[in-house]
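Chemist: Let me begin by handing over the structure; questions about it come next.
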Amino acid sequence: MFCLGTRPEAIKLAPLIQAAQKTGLETCIVVSGQHKELLAPFLEFFQLRVNYNLEVLKPNQSLSELTASILSKIQPILQKEKPDLLFVQGDTTTTFTSALAAFYEKIPVAHIEAGLRTHDRYSPFPEEMNRKLVSSIAEYFFAPTELSKQNLVAEGITRNVWVTGNTGIDALRLTADILKKSTASAVSKRTGKK
């Protein structure tokens, strides 16, 4: 299961979701709706079929309300689907809350972009604390850089840590492939050549 709620999460998880699907793994995509309008075009562009949309965004919503809403809405989905593994990306409220809900259901969590740190709990806020809290929950850690890995090691996290690079680069390559195929298709329609 992949849980996401913001545009950056969709962009950075798209290559992983597509790779999982190509290998034949059964995937489930849960969208919190934390970035409703910003998220939709990217889901469409990367052809990500959403299984569940929590639609949690409300006007003037506090972080506490957002957290409580995601937590209460994702819990029954986790109980129903019983995923073998929950993937979260980055440091959003969706990331932290989804990881917490998975912990409550004893579902292992894989954290993409693990180990980023500013070492100032209020900067960026609330992202820095979300990062640290997810690290205390996750069982698998995919760090974008060696420094990110060393941040985890400094916090006592030494098992199941891999330096994988930034999945944003993978998304860039995927985007280039999609645009290349789209352009080739448009040209062949105009010229009648393949």
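The values are calculated or read from the model by the stated rules, or taken from the named source; none is laboratory data. If you're wondering where the values come from, they're calculated on a predicted model, not measured in any experiment. Methodologically, a virtual Cβ is constructed for each residue, glycine included, from the backbone with ideal geometry; neighbour enumeration extends over all protein chains shown. For accessibility, only protein heavy atoms count, side chains too; no ligands or nucleic acids. Shrake-Rupley method; radii C 1.70, N 1.55, O 1.52, S 1.80 Å.
Chemist: Heavy-atom accessible area per residue, the chain, 1.4 Å probe: how many Å²?
Modeler: Working: 10920 Å² over 194 residues.
So the chain comes to 56 Å² accessible per residue, rounded to a whole number.
Chemist: How high is the relative contact order of the chain, in percent, counting Cα pairs under 8 Å that sit 6 or more residues apart? Spell out each step's value before the answer.
Modeler: Working: 308 pairs, mean separation 34.4, N = 194.
Here the relative contact order equals 18 percent.
Chemist: Something else about it: In units of 2.2 N^0.38 Å, what is the alpha-carbon radius of gyration of the chain? List each step's numbers first, then the result.
Modeler: Details: Rg = 17.6 Å, N = 194, 2.2 N^0.38 = 16.3 Å.
It is 1.08.
Chemist: Taking Rh as the Kirkwood radius computed over C-alpha pairs, what is the Stokes-Einstein D of segment 46-107 at 4 °C in a medium of viscosity 1.567 mPa s, expressed in µm² per second? Each step should come with its number before you reach the end.
Modeler: Details: Rh = 12.4 Å.
This corresponds to a translational diffusion coefficient of 104 µm²/s.
Chemist: I need the trypsin sites (Lys or Arg not before Pro) found in segment 1-87, filtered to DSSP loop residues with at most 13 other beta carbons within 10 Å of theirs. Write down the numbers at each step before the final one.
Modeler: Values: sites: Lys12, Lys22, Lys36, Arg49, Lys73, Lys80; in loops: Arg49.
Those satisfying the criteria are Arg49.
Chemist: Another question about this same structure. Using alpha-carbon pairs under 8 Å, 6+ residues apart, how would you state the relative contact order of segment 33-141 in percent? It would help to have the intermediate numbers written out before the result.
Modeler: Values: 140 pairs, mean separation 23.9, N = 109.
Over segment 33-141, the number comes to 22 percent.
Chemist: With runs of 4+ DSSP H residues as the only contributors, calculate the mean residue ellipticity of the chain at 222 nm using -39,500 (n - 2.57) per run, divided by the residue total and rounded to the nearest 500. The partial results should precede the final answer.
Modeler: Details: 7 runs with 102 residues, N = 194.
About -17000 deg cm²/dmol.
Chemist: Here is a follow-up. In degrees, nearest 10, range 0 to 90: what is the angle between the Cα axis of helix 127-137 and the longest Cα principal axis of the chain?
Modeler: 80
Chemist: For segment 78-162, what does the alpha-carbon gyration tensor say about shape, rounded, prolate or oblate, given a ≥ b ≥ c as the root eigenvalues, a/c under 1.5 as rounded, and a/b over b/c as prolate?
Modeler: Details: a/c = 2.30, a/b = 1.42, b/c = 1.62.
Oblate, since a/c reaches 1.5 and b/c is not below a/b.
Chemist: Count the lysine pairs in segment 61-171 that are 8 or more places apart or on different chains: how many have C-alpha atoms under 20 angstrom apart?
Modeler: Values: Lys73/Lys82; Lys73/Lys106; Lys80/Lys106; Lys82/Lys106; Lys106/Lys132; Lys132/Lys149.
Going through segment 61-171 pair by pair, I get 6.
Chemist: In a GNM of the chain with a 10 Å cut-off on Cα contacts, which of Pro108, Pro83, Pro59 has the highest mean-square fluctuation?
Modeler: Pro59
Chemist: For Glu146 and Asn60, what does the FRET efficiency come to when R0 = 45 Å and r is the distance between their Cβ atoms, rounded to the nearest 0.05? Intermediate values should be presented prior to the final figure.
Modeler: Details: r = 41 Å, r/R0 = 0.92.
Here the calculated transfer efficiency is 0.60.
Chemist: Counting other C-beta atoms within 10 Å, and keeping those with at most 16, which DSSP coil GluC sites (Glu not before Pro) do you find in segment 45-107? Walk me through the numbers before you get to the answer.
Modeler: Working: sites: Glu55, Glu65, Glu81, Glu105; in loops: Glu55, Glu105.
Passing both the DSSP loop test and the Cβ count: Glu55, Glu105.
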